[in-house]
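Each value in this text was obtained by applying a stated rule to the coordinates, not by laboratory testing. Model, not experiment: these values are computed from the prediction. Cβ: placed from backbone, ideal geometry, glycine included. Neighbour counts: every protein chain shown.
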Amino acid sequence: MKAIGEKEMVDFLSGGDDARLYSLADEKRQTVFGDEVYLRGIIEFSNVCHKDCQYCGLRVSNRGVKRYRLHPDDIVRAADLVAGEGLGTIVLQSGDDFGYDAIEIGSVIERIKQRHDVAVTLSLGDRSLDEYAYWRDCGADRCLLKVETGHVKLYERFRCGESFKERLYRLEGIKRLGYEVGSGIIVGLPDTDLFDLMRDLLLLEQLDLDMIAVGPFVPNPDTPLANAGQGGLDQAFRAAALMRLLCPQANIPATSALDAISPGARMTGLKKGCNVIMPSFTPDQFKTDYAIYPGKNTSEMTVQAKLRHVRTSISDMGFVPSSAKGFSPRREYVEQGSARCPAGDHACGKAQCR
Ligand code: SF4
């Protein structure tokens, strides 16, 4: 497939040819990942956060949240459950919570890696590069750090004065530490338009990522953006599909925010370029308190029942739920000099394919 031009991007994002966009994205996903859908078990081990992002229910100013922190032993127990269910990746996620020091987190990573043959992904926010280097030595494989928006002024407004430059600096630093790196955006944040979205997608492409999350904005009633309009489901689907065309080798999850807008939409995302589902393994008594947006973790099913349901839904759609660790094929291609182009056609536009 030839590189996508600006006019075509605008056309795709404005819904000018959804059938072609989704068909191209599905074809590209199939070429790179076949029928496999990677399952990653996510453990949201703390909803404590000292930041104040305007779009997030976990913001420090939100006094309505019941805060929790899992004891390290309980995090490891939850990881045992993920591995026991046969999933190949454990995602450890929290707010920006400095209540756990680097040694404590490192020890959790080491204990998980000693007990299970799994990949460990960290989603812990703005911790220092020294800490990320230490956790890499402890065995962590991947890191997620979303930019949320590439609009610098909006980034600083919605993240209450945080520095966009610093975010990019941290992302680059994490990459240099040898992690597989993921980032992502929120589609449909207030005061953004189609060209902001285009710029965001191009930024994500330029960052040359292994994982990319593209989810719709879901307003949280307990935040300053309570009355803002919700991000569009179609817009989020289009953005994820276009991302698949821009970065064929990246792992792209169908985000839980899709389901928060329309139950079942996450599965639909698998037909539009996404190849990863991340079921939550946060213990039942805490899962609804990880309230970034309404509708997250609201299922009353047990984690086992939820996982069974996810596996069945994936199979019913003609895919294969996969227990593989699911590293990005980009890694093998870039680092091991594989002759096989993971995008299948040497036309993904990446340096190594030119
Ligand atoms: S988005 Fe992340 S850093 Fe911001 S308030 Fe929510 S949990 Fe904290």
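Below are the figures for this structure:
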| read-out | value |
| --- | --- |
| Ranked Asp52, Asp126, criterion: other C-beta atoms within 10 Å, fewest first | Asp126, Asp52 |
| Which of Lys153, Lys28 has the fewest Cβ neighbours within 10 Å, and the rest in rising order | Lys153, Lys28 |
| Using θ = phi - 60° and Karplus 6.51 cos²θ - 1.76 cosθ + 1.60, couplings along the range 87-99 (whole Hz; Gly, Pro as x) | 7, x, 9, 10, 9, 9, 10, 8, x, 6, 10, 8, x |
| Top positive-direction residue, dipole computed over the range 6-353 with Cβ charges, set Val147, Thr255, Gln54 | Thr255 |
| Extension gain, Asp289 back to Phe98 (0.36 nm per residue minus Cα-Cα distance, nm) | 66.9 nm |
| In order through the range 313-318: 3J(HN,Hα) via Karplus (6.51 cos²θ - 1.76 cosθ + 1.60), integer Hz, x for Gly, Pro | 4, 5, 5, 4, 8, x |
| Residue exposure sequence - Met198, Met301 - by fewest surrounding Cβ within 10 Å | Met301, Met198 |
| FRET efficiency, Arg115 to Ser23 (Cβ-Cβ, R0 41 Å, nearest 0.05) | 0.45 |
| Nonlocal Lys pairs with alpha-carbon distance under 24 Å, the range 1-156 (8 or more apart, or different chains) | 6 |
| Two-site FRET efficiency, Lys7 against Asp208, from Cβ-Cβ distance with R₀ of 25 Å, rounded to 0.05 | 0.55 |
| Range of Cα positions in the chain per principal axis (Å), largest first | 50, 45, 40 |
| GNM result for the chain, Cα springs below 10 Å: residue of Gly64, Gly184, Gly273 fluctuating most strongly | Gly64 |
